[in-house]
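**Q** Take this structure first; my questions come after.
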Amino acid sequence: MSGLPHSKVTSEQILATVLKILDDNKAEDVVQIDLRGKTSVCDHMVICSGRSSRQVVSIADKLAEDLKHELGVLSKSEGQETGDWVLIDTGDVVVHVFRPEVREFYQLEKMWMPIGKTATNAV
């Protein structure tokens, strides 16, 4: 396995790599939310959309594969069975890949953003 040992990879390095991979794989409406100091679950949350269930699963699979090869970061994922919403957990960065209508229904950005603020569009 190439890349740095996970213990030596920072959350900022993981985030930057995640954003690049999502851009390369045509993820849409990519939003990053800085959660440092707000929760112990993770440092960053990234939310994006794929146009179809097939693209959602493809983006998630490619993300997990590329993180492993580029940084040596292993991730866990859930939701590939239906492709409506896939969660990829790297430990420091959690990524949600949605079909647009499922994303609209759950509105995670609104749940995690402070009142009166908007999420940072990453791309």
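**Q** Examine segment 84-96 for a residue that is over 12 Å from Met45 (Cα atoms), of a type in the set (Asp, Glu) and at pLDDT 95 or above, and state whether such a residue exists.
**A** yes
**Q** Follow-up question, since we're still on this one. Please enumerate the residues belonging to segment 29-84 that are farther than 24 Å from Met113 by Cα and either touching a Cys at 6+ places or on another chain (Cβ under 8 Å) or in contact (Cβ under 8 Å) with a residue 60 or more places away in the chain (or both).
**A** Ile59, Lys68, His69, Glu70, Leu71, Gly72, Val73, Leu74, listed by residue number.
The values are calculated or read from the model by the stated rules, or taken from the named source; none is laboratory data. Values in this document were obtained by computation on a predicted structure and should not be read as measured data. Note that we place each Cβ from the backbone using ideal geometry, even for glycine, and neighbour counts take in every protein chain shown.
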